[in-house]
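Worksheet for the structure shown next.
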Amino acid sequence: MLRFVCIGVLALGGVACGATCTLIGCDSGLTIQFATVPTAPIHIDATSADGGNRTYDCEKNTGCGIPTILKDYVPQNVTLTVTYQGRTTTTTVRPSYNESTPNGSGCGPACRSATIPLSLP
């Protein structure tokens with residue numbers, strides 16, 4: 001009987017019989033990694049046709065979240081505009097995402113993340 005239940009569960013998209021899922025969480029998002037740590041306030045605009053817009057501001061001279069993580073933001077293409085010390089630079093990139101399933105294959109959630117290396121303007 002167990003054999004038929006397992007086949008039915010798999011057919012419905014369930015986890016493989018005997019598999020154990022954990023409860024580890026993960027976050028999807030786009031990470032912006034600067035080659036040099038900012039020592040002054042920084043502003044980042046992320047714009048994407050498929051992911052919408054995100055803004056990141058750090059008004060402090062030190063202690064900003066570096067690397068900068070735009071949580072739950074996974075666009076196919078993104079234009080990043082960085083303003084730092086009165087200078088601005090804009091670049092368009094196509095992130096290469098890694099997918100992770102920390103709770104095991106077939107156990108949610110599946111998270112996608114990418115890191116974009118940038119230089120300060």
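If I filter the stretch 73-89 for residues that are of a type outside the set (A, V, I, L, M, F, W, C) and exposed (fewer than 11 other Cβ atoms within 10 Å of the Cβ), do I get at least one hit? Yes, that holds for at least one residue.
Do you know which residues across the stretch 59-117 are aliphatic (A, V, I, L, M) and assigned to a loop (DSSP other than H, G, I, E, B)? Answer for the stretch 59-117, where residues must be aliphatic (A, V, I, L, M) and assigned to a loop (DSSP other than H, G, I, E, B): 66, 74, 110. Being in contact with a Lys or Arg (Cβ under 6 Å, 6 or more places away or on another chain) and modelled with pLDDT under 95 is not true of residue 84. Here the stretch 98-111 is the region considered, the condition is being surrounded by fewer than 17 Cβ atoms within 10 Å (Cβ to Cβ) and touching a strand residue (DSSP E or B) at 6+ places or on another chain (Cβ under 9 Å), and the residue that is nearest to residue 40 (Cα to Cα) is 98. May I ask you to verify whether residue 44 is over 12 Å from residue 119 (Cα atoms), assigned to a strand (DSSP E or B) and in contact (Cβ under 8 Å) with a residue 40 or more places away in the chain? Judged against the criteria, residue 44 is not a match. Across the stretch 1-35, what is the number of residues that are exposed (fewer than 11 other Cβ atoms within 10 Å of the Cβ) and either among the basic types (Lys, Arg) or modelled with pLDDT of 85 or more (or both)? Residues meeting the conditions: 2.
The values are calculated or read from the model by the stated rules, or taken from the named source; none is laboratory data. In this text, all values refer to a predicted model and were calculated from it rather than measured experimentally. Cβ sites come from the backbone with ideal geometry, for glycine too, and all protein chains shown count toward neighbours.
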